[in-house]
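Notes follow once the structure below has been shown.
Coordinate-derived values only; no laboratory data. These numbers were taken from a predicted model, which means no experiment stands behind them. All Cβ positions, glycine included, derive from the backbone under ideal geometry; neighbour counts span all protein chains shown.
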């Protein structure tokens, strides 16, 4: 193989790998931001926000994210069996990066700290649990005291 063919092959490989990476990133699921309303210093979320209806198939979301003007980071609300919920601020207690929900865990992309879906540190360098919020529920809504 001569130099010209080699450079051409390398260029095609670089362009091809970039296209594959872009395609794979577009296949990842995005996080769902729930609609909220503010009532007496509480964020109210309809319980139906955890229901995902797409392609005539109904599934339950493990978590939803919500935005609050009071915080610079979203709040992640996890749903558990028996109508139990947790609400966690997605600010890492190690270095104030935004942790990202990954199934039943929240992972900090900055230094690798991991937290359970209840906000408990599972993997350092973070040493403190995530900030959590008190929750109340009724038949239709989840209320988060902020």
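In this rough spin-label picture, where each label sits 7 Å from Cα along the Cβ direction, the residue 46-residue 68 distance is 2.2 nm.
Arranged from fewest to most other beta-carbon atoms within 10 Å of their beta carbon, 104, 138 become 138, 104. In whole Å, what is the distance between the alpha-carbon centres of segment 109-134 and segment 49-80? The distance from the Cα centre of segment 109-134 to that of segment 49-80 comes to 19 Å.
Out of every Cα-Cα pair in segment 36-145, what percent are more than 25 Å apart? For segment 36-145, the share of Cα pairs beyond 25 Å comes to 22 percent.
Pairwise alpha-carbon distances in segment 90-146 exceed 17 Å for 39% of all pairs.
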